[in-house]
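The next block holds one structure in the form of structure tokens; read it before the comments.
The values are calculated or read from the model by the stated rules, or taken from the named source; none is laboratory data. Computed from a predicted structure; not experimentally measured. Note: ideal-geometry Cβ built from the backbone for every residue, glycine included; neighbour counts use all protein chains shown.
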Amino acid sequence: MLIDGFALKSPEFAFYGLTHYHSDHYGGLNKNWKYGPIFATPITIALAVQDIGILQNHFRPLQLNKPVEIDGTGVYITALDANHCPGACMFLIRQGKRRVLFTGDFRYHPADMDRESADAIAGLAGDIETIFLDTTYLSPRWEFPAQRAVLDALTTRALELNRPDRLFVVATYKIGKEKVLFALADALHTRVNVSEAKLALLSVMYPPAIVAKYFTATDVTAQVHVAKGVSFKGMPGLLEHAVQAGFTSVVGVVATGWTHTNPRNGTGTLVKTATHPDCSGQAMLLTLAYSEHSSFSEARALVRVLGPKRVQSIVSTAPEEAKKIKAHLKDCMDLSTDRSTLIPFLSQTPQPQKRKSLEVIDLDPSQPQARSEFIPRRPRLEDEAALPEIGMPVLVESPVEVIELD
């Protein structure tokens, strides 16, 4: 089974999994799909069908928290809420008593998660062999406030800045950051102007009444717009867009965890404001300490709850990163069977040409085997679309995870 690695599609893989509909995870998937069935949540399936035109019969829908056997293999797959973007899930894969958790991109904050999924994770304590973990922010410098606190701070600041001739433009990509849009729309009593293409995607994510209440593709006078790239450098262009829509002032909004480091006083600024010097005070940028990935303490909390024997990053397989991961997580794990190392193959350098298989769990020889391969993939820019423009760090490469079922 190949998960989130569609660029590596091949007849050798009988099954595929898609954790969520962000481009660095579905890249390689297209309307001419001719390979094995793809396991995903109904929202992710609907997004793929709507966006790239792939036929729905290529998918196997996974309702949250409902185990599904993979075609008589004795291997069961369960989708758990990832609290990342609409439709995003983690995959719990079980064969007999052995369990592997593939997080995909996730934010572990039980209060914001589907309750049944959060309870299921708590109930897996001590039962997980290996976690394939989103380590995007696995460093002590990255500690994020709760999303609700950031959204409250945003709405407070937006109301302070609000006036009828001022437009707010939020940086988004195809999907993600919807909570920011809802919060601004509610605070300013306006709808959000989006493109026809984005409206079509929103229409498969939310009920018609919600879409009609919050979004429009025709009313440019709506006080909140969206744009793929919003940056401080680009504020003059954003102001020009606002003027064309009938406004005289603009506020750009960038919601990203990269803008927030762990402050020594323990709190930090939830919303930062910067006014562009070349726009006569009519263009400013708000950056929010908002992330849809787990912070350092949240990632550690998941590992501590589950107490796995092994952890593998789904972000980097570089040896130096492996050492950092070991240092950050070893006290949260069950290393009783091998106290000398976190996970033996973390220190191996990916070799795309050889594609050497690496065993991650030892299953009964008479049963289907589970293995994992790690192949570099293109830069992951889905989470922070505007980062190259505002000078924030961007991860250079991400691995692709493959779980093979014999």
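What the table below lists for this structure:
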quantity: Check on Val230, crowded, with 19+ Cβ neighbours inside 10 Å and part of a loop (DSSP other than H, G, I, E, B); calculated: yes
quantity: Of the criteria (1) touching a strand residue (DSSP E or B) at 6+ places or on another chain (Cβ under 6 Å); (2) farther than 25 Å from Glu292 by Cα; (3) of a type in the set (A, V, I, L, M), which one Met113 fails; calculated: (2)
quantity: Residue satisfying all of: in segment 45-58; of a type outside the set (Gly, Ala, Ser) and in a loop (DSSP other than H, G, I, E, B); surrounded by the most Cβ atoms within 10 Å (Cβ to Cβ) among these; calculated: Ile54
quantity: Selection count where residues are under 22 Å from Asp112 (Cβ atoms) and either hydrophobic (A, V, I, L, M, F, W, C) or in the same structural domain as Lys272 (by TED's automatic domain parsing) (or both), scope segment 296-341; calculated: 10
quantity: Matching residues in segment 82-121 - criterion: being touching a Lys or Arg at 6+ places or on another chain (Cβ under 9 Å) and farther than 18 Å from Gln312 by Cα; calculated: Asn83, His84, Cys85, Ala111, Asp112, Met113
quantity: Exclusive hit being assigned to a helix (DSSP H, G or I), of a type in the set (Lys, Arg) and surrounded by fewer than 16 Cβ atoms within 10 Å (Cβ to Cβ), set Arg157, Arg163, Arg148, Arg141; calculated: Arg148
quantity: Criterion (out of contact with any helix residue (DSSP H, G or I) (no Cβ under 9 Å at 6 or more places or on another chain) and either surrounded by 17 or more Cβ atoms within 10 Å (Cβ to Cβ) or at pLDDT 95 or above (or both)) met by exactly one of Pro86, Pro67; calculated: Pro67
quantity: In segment 168-201, residue nearest to Tyr26 (Cα to Cα) [restricted to those that are among the aliphatic types (A, V, I, L, M) and in a loop (DSSP other than H, G, I, E, B)]; calculated: Ile175
quantity: Selection count, segment 59-105, where residues are part of a loop (DSSP other than H, G, I, E, B) and under 14 Å from Phe132 (Cα atoms); calculated: 4
quantity: Failed item in (1) more than 25 Å from Pro145 (Cβ to Cβ); (2) touching a strand residue (DSSP E or B) at 6+ places or on another chain (Cβ under 7 Å); (3) touching a residue at least 40 places away in the same chain (Cβ under 8 Å), with Pro67 passing the rest; calculated: (3)
quantity: Subset of segment 149-176 (residues that are of a type in the set (Lys, Arg) and modelled with pLDDT of 95 or more); calculated: Arg157, Arg163, Arg166
quantity: Selection count where residues are free of Cβ contacts under 8 Å to residues at least 40 places away in the same chain, among the hydrophobic types (A, V, I, L, M, F, W, C) and in contact with a Lys or Arg (Cβ under 8 Å, 6 or more places away or on another chain), scope segment 194-216; calculated: 1
quantity: Residue pairs meeting the criteria (Cβ under 8 Å; at least 6 apart or on separate chains; first assigned to a strand (DSSP E or B), in segment 281-296; second modelled with pLDDT of 95 or more and among the hydroxyl-bearing types (Ser, Thr, Tyr)); calculated: Ala283/Ser249
quantity: Leading residue by the ranking (nearest to the chain's Cα centre (by Cα)) among those in segment 122-159 that are under 23 Å from Ser313 (Cα atoms) and charged (D, E, K, R); calculated: Asp134
quantity: Test: residue in segment 248-255 that is surrounded by fewer than 21 Cβ atoms within 10 Å (Cβ to Cβ) and either assigned to a helix (DSSP H, G or I) or not assigned by TED's automatic domain parsing to the domain that holds Val49 (or both); calculated: yes
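Residue by residue, here is whether (1) under 20 Å from His109 (Cα atoms); (2) not assigned by TED's automatic domain parsing to the domain that holds Ser23 holds:
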| position | (1), (2) |
| --- | --- |
| Leu133 | yes, no |
| Thr136 | yes, no |
| Leu151 | yes, yes |
| Arg157 | no, yes |
| Asn162 | no, yes |
| Leu167 | no, yes |
| Gly176 | yes, yes |
| Ala187 | no, yes |
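Every residue, every condition in (1) without any contact (Cβ under 8 Å) to a residue 40 or more places away in the chain; (2) surrounded by fewer than 23 Cβ atoms within 10 Å (Cβ to Cβ), yes or no:
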position	(1), (2)
Ala7	no, yes
Pro11	yes, yes
Ala14	no, yes
Gly17	no, no
His20	no, no
Trp33	yes, yes
Pro37	yes, yes
Ala40	no, no
Ile43	no, yes
